[in-house]
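The structure appears right after this line, and notes come after that.
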Amino acid sequence: MTDKADLNGLSSLGSGSDPSRRLETFPNHHTDRDYIVTLQTDEFTCICPKTGQPDFAGINIEYIPDERIVESKSLKLYFWSFRNEGVFHEHVANIMLDDLVEALKPRWCRVIANFGIRGGISISVDAEYSRDK
């Protein structure tokens, strides 16, 4: 069951919607086992840092939580914060991975960014973190 205390610090859930780089978390009640949380979107956008043209991607996040779990609305607002940011595809996946690792301190995490075709080439970036490395 979710405790009322689990909601402490969750300001995005149930409030307005403005882009934010703040990833909110809540306690994991099942730290005695490994399980994988998967979060996906096909609606990620950012812009090319050189041309300003929009780039579209599907983002897939998988992680094995330890003490904390990411709250999904804060993740949606986090994705939105990239909409007008000029950033290379390879950097997006690694920035997301770094931010998730900082917020969650997971046992393991992977971010896969599958960008749409531009100039006949699609780019897929797979960034991974493991506490054991």
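Here, each number is a calculation from the coordinates, and none is a lab measurement. Keep in mind that this is a model prediction, so the values were computed, not measured. Every residue, glycine among them, receives a Cβ derived from its backbone with ideal geometry; neighbour counts consider all protein chains shown.
Some values worked out for this structure:
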quantity: Sequence ranges 40-47, 69-76, ranked by mean other-Cβ count within 10 angstrom, highest first; calculated: 69-76, 40-47
quantity: Residue with peak Gaussian network fluctuation, the chain [Cα springs, cutoff 10 Å], from Asp34, Asp98, Asp55; calculated: Asp34
quantity: FRET efficiency, 1/(1 + (r/R0)^6) with R0 25 Å, evaluated for Ile36 and Arg118 via beta carbons; calculated: 0.20
quantity: Check: the chain dipole with +1 on Lys, Arg Cβ and -1 on Asp, Glu Cβ, in debye; calculated: 220 debye
quantity: Between helix 89-104 and the chain: long-axis angle, C-alpha atoms, 0 to 90°, nearest 10; calculated: 10 degrees
quantity: Cβ-based charge dipole, the chain, positive-most Cα from Ile47, Leu104, Val92; calculated: Ile47
quantity: FRET E, pair Asp18, Asp132, Förster distance 25 Å, beta-carbon r, rounded to 0.05; calculated: 0.10
quantity: Under-5 Å amide H pairs with Asn28, H placed in peptide plane, nonlocal only; calculated: Arg68, Ile69
quantity: In sequence order, calculated HN-Hα J values of the stretch 72-82 (Karplus, 6.51, -1.76, 1.60; Hz; x Gly/Pro); calculated: 5, 5, 5, 5, 4, 5, 5, 4, 4, 5, 8
